[in-house]
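Working notes, beginning with the structure itself.
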Amino acid sequence: MTRLTFITQIIFDHGASQQLAKVLAQHGIQRPLLCTDRGLVNLGMVEDLTKVVGNDAALTIFDRTPENPTQAAVEEALALYREADCDGVVAFGGGSSMDLAKAVAVSATHQGDLQEFTTEAGGMQKIDAIAPLIAIPTTSGTGSEVSSGAVIIMNNGEKLLLVSPNIVPRTAICDPSLTLGLPPTLTAATGMDAMTHCIEALLSPMVNPPAEAVACDGIERGIREGNLLRAFADGSDEDARWHMMMAATEGAMAFTKGLGAVHSMSHACGADQSLRLHHGTLNAVILPTILEFNRDHVGSKYGRLNAAMGINENLDPADHIRGLNQALGLPANLGEMGIESEAVPALARHAAKDICTFTNPRPCSVEQYEALFTVALEGGKVA
């Protein structure tokens with residue numbers, strides 16, 4: 001039986017972040033914990049947001065979100081939440097801040113170690129009501145502001161997922177103006193993150209035609225209409241930034257249908273904190289390899305994908321993505337990102353048990369993942 005879920009309120013447009021005080025009042029939040037990072041503090045964006053709230057709420061700020069959120073950081077933020085007697089959480093930043101905020105909101109209302117609530121431990125059935133959560137993205141990539149998942153590096157080093165409809169933020173405030181200062185490298189990485197979400201959601205074998213339509217619209221905005229390249233070339237292009245934030249939001253709405261092996265491999269690589277690899281860049285680099293691997297297992301969907309990207313239906317979508325990555329100045333392979341061949345066996349084992357593997361169009365064993373990582377390391381083609 002098919003279940004279709006699009007379940008959160010979205011306030012979307014340039015200047016939408018000015019609505020924060022009103023949204024806090026709507027949800028009865030008087031003492032929110034703001035989860036963000038030092039980069040946004042240094043840019044003055046956190047100060048600007050606190051001015052929006054003014055005296056309407058007593059804001060406590062946690063600004064130590066790491067590049068890839070960790071259980072240790074969640075525990076640190078949770079301690080601050082409890083010390084300040086907070087009654088809600090506001091996520092302000094990219095996917096890392098939003099995922100960390102989700103984990104804090106779960107931990108605030110659930111007893112036990114966070115790892116007990118991961119998908120591996122049957123967490124979907126354990127997570128019920130969380131602390132009130134509002135999300136304000138400052139990048140156009142993860143779509144975490146409307147998704148039911150969060151990815152956290154646990155204390156044992158594994159990068160695991162929290163998944164539940166209960167962790168979808170109550171309100172997402174999407175203000176494309178917040179992305180106008182995003183540098184080209186981050187624009188490229190986050191933009192390809194959004195495109196990978198849309199593409200993997202489209203290709204997932206799960207049945208959800210509305211999600212596929214949303215995914216195709218996101219791909220059209222980002223690739224066919226050229227908004228990703230426009231935002232990359234000119235960060236002040238307000239129209240391109242609007243469309244890329246919409247595409248990112250659509251990507252997460254679409255992947256209620258499931259993701260695939262790109263994300264399984266990306267999660268495995270991102271678990272190595274010493275390399276500090278960006279999730280979106282990993283997705284971009286790995287995507288062509290998986291498009292080749294899945295080619296004979298998606299029916300006619302590559303025709304739909306090519307149409308959404310605006311290219312001839314007979315062309316190879318993997319080659320088109322490689323060309324797009326090159327135009328965006330992204331690495332050509334995982335080797336350029338610092339992944340070494342000695343790591344492949346462990347990466348393959350991690351990827352094979354990732355939840356995203358189970359919604360890939362083609363089953364993938366540990367041995368097949370080893371072969372795929374080897375191809376992606378060198379930037380070659382899948383035989």
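Nothing in this text is a laboratory measurement; each read-out follows from the coordinates by a stated rule. This is a predicted model, so every value here is computed, not measured. Reconstructed Cβ throughout: ideal geometry from the backbone, glycine too, with neighbour counts over all protein chains shown.
Numerical summary
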item	result
Reachable aspartates and glutamates, given that their alpha-carbon falls under 14 Å from the alpha-carbon of Lys159 and they are not under 8 places away in the same chain	Glu67, Asp99, Glu116, Glu120, Asp272, Asp354
Considering only the chain, percent of DSSP beta bridges that pair antiparallel, nearest 5	20
Förster radius 35 Å - calculated FRET efficiency between Val207 and Gln111, Cβ distance, rounded to 0.05	0.45
Antiparallel DSSP beta bridges within the range 9-178, as percent of all bridges there, nearest 5	20
Gap separating the Cα centres of the range 5-79 and the range 230-296, nearest whole Å	24
CD proxy at 222 nm, helix term only [per DSSP H run n ≥ 4: -39500 (n - 2.57); per residue of the chain; nearest 500]	-13500 deg cm²/dmol
Label-point gap, in nm, between Thr50 and Gln30 - each point 7 angstrom along Cα→Cβ	2.1
Local electrostatic count at Asp56 - Lys and Arg +1, Asp and Glu -1, tallied over other residues with Cβ under 13 Å	+3
Answer label for Rg and Dmax of the Cα atoms in Å (calculated), chosen among [x] 26.1, 91; [y] 29.9, 104; [z] 19.5, 62	[z]
Residues listed by number, the range 280-299, amide nitrogen under 19 Å from Ala383 label point at 7 Å toward C-beta	289-296
Protection-proxy order for peptides 69-75, 232-238, 97-103, each taking the mean of Cβ atoms within 10 Å per residue, highest first	97-103, 69-75, 232-238
FRET E, pair Asn314, Glu336, Förster distance 35 Å, beta-carbon r, rounded to 0.05	0.70
Flagged links, alpha-carbon separation over 30 Å, of Lys301/Lys381; Lys257/Lys381; Lys102/Lys381	Lys102/Lys381
Projected label distance in nm at Arg82 and Thr374, using a 7 Å step from Cα toward the beta-carbon	4.9
